[in-house]
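To start, the structure under review is shown below, and the notes come after it.
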Amino acid sequence: NAGVTQTPKFQVLKTGQSMTLQCAQDMNHEYMSWYRQDPGMGLRLIHYSVGAGITDQGEVPNGYNVSRSTTEDFPLRLLSAAPSQTSVYFCASSYSRTPGMERALGEQFFGPGTRLTVL
Amino acid sequence: GQNIDQPTEMTATEGAIVQINCTYQTSGFNGLFWYQQHAGEAPTFLSYNVLDGLEEKGRFSSFLSRSKGYSYLLLKELQMKDSASYLCAVRDGGGQFYFGTGTSLTVIP
């Protein structure tokens, strides 16, 4: 198993450019999510998905779009990059909560991260 | 809203024991998680509590009191490689994860 993979590892954009951060997992996890991590702010949830075809907003969704056409892939799109989006982006996946199996399934597995700089 | 608090920084001596506290307020509760994150790397899972009490995994233990909205991570026999950030996270009733800002632990000789 490759686990959670993210591409690219590093990216530099100019203000106004658009791009897609790729995320894939091969663990058949229903739940996938995108976080950004900024100094002193911790991990903040951008968007998440509880299964193919279902997405929802997290704490900081503005400026980002997601889609979930397959269980494996969960790309994050920056529509028009801004310097405020300079950050480290992590994709994560886990099993969703399963009634009667609360103790069994829940940890998130993180990808290696994408370091994005917007000039 | 969701609120998760943990100390910003801690320092401890190699071989000692350190306790990192976390308090939380969330809408619903589906588990409390501790992650370790070394500088420049992704978070890695350490422990998971969904019921009150202590969970032990080798040198690491985690405690949960749901009535008090409180957890701690206990690290024993500290090693230099334990220098890292420790993230407390709570999964709420809707399944979302919320993270604290992390505790930066420095282990000194």
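Once the piece of chain linking residue B:45 and residue B:108 is laid out straight, how much longer is it, given 0.36 nm per residue of separation minus the C-alpha distance between them?
Numbers: separation 63, 0.36 × 63 = 22.68 nm, distance 2.36 nm.
Stretched fully, the residue B:45-residue B:108 segment lengthens by 20.3 nm.
Nearest 20 debye, what's the magnitude of the dipole of chain B about its Cα centre given +1 on Lys and Arg Cβ and -1 on Asp and Glu Cβ?
With only Lys, Arg, Asp and Glu charged at Cβ, the dipole is about 160 debye.
Using R₀ = 22 Å, calculate the FRET efficiency as 1/(1 + (r/R₀)^6) where r is the Cβ-Cβ separation of residue A:79 and residue A:117; round to 0.05. The partial results should precede the final answer.
Working: r = 17 Å, r/R0 = 0.79.
The computed FRET efficiency comes out at 0.80.
Just checking the output field for B:37-46: average partner chain Cβ neighbours within 10 Å of each residue's Cβ?
Taking the mean over all residues of the peptide, I get 4.
Output ³J(HN,Hα) for segment A:57-69: one whole-Hz value per residue in order, computed from phi by the Karplus curve 6.51 cos²θ - 1.76 cosθ + 1.60 with θ = phi - 60°, and x for Gly and Pro.
7, x, 6, 10, x, 5, x, 10, 10, 9, 8, 9, 7
Just name one of A:22, B:24, A:81: the one whose Cα is farthest towards the positive end of the charge dipole of the protein assembly as shown (beta-carbon charges, Lys/Arg +1, Asp/Glu -1).
Of the options given, the answer is A:81.
At 7 Å along Cα-to-Cβ for each site, give me the label-to-label distance between residue A:56 and residue A:12 in nm.
Using points 7 Å along Cα→Cβ, the separation is 4.0 nm.
Of A:11, A:91, B:50, whose Cα points farthest to the positive end of the dipole of the protein assembly as shown (charges on the beta-carbon: +1 Lys, Arg; -1 Asp, Glu; origin at the Cα centre)?
Of the candidates, A:11 comes out farthest on the positive side.
Quick check for me: using +1 on Lys/Arg Cβ and -1 on Asp/Glu Cβ, what's the dipole size of chain A about its Cα centre, in debye to the nearest 20?
Rounded to the nearest 20 debye, it is 360 debye.
Using the Cβ atoms and a cut-off under 10 Å, what net charge is assigned to the surroundings of residue A:25, where Lys and Arg are +1 and Asp and Glu are -1?
-3
No lab work stands behind these numbers, since they all come straight from the coordinates. Small disclaimer: the values here were computed from a predicted structure and weren't measured. Positions of Cβ are generated from backbone atoms using ideal geometry, with glycine treated the same way; all protein chains shown enter the neighbour counts.
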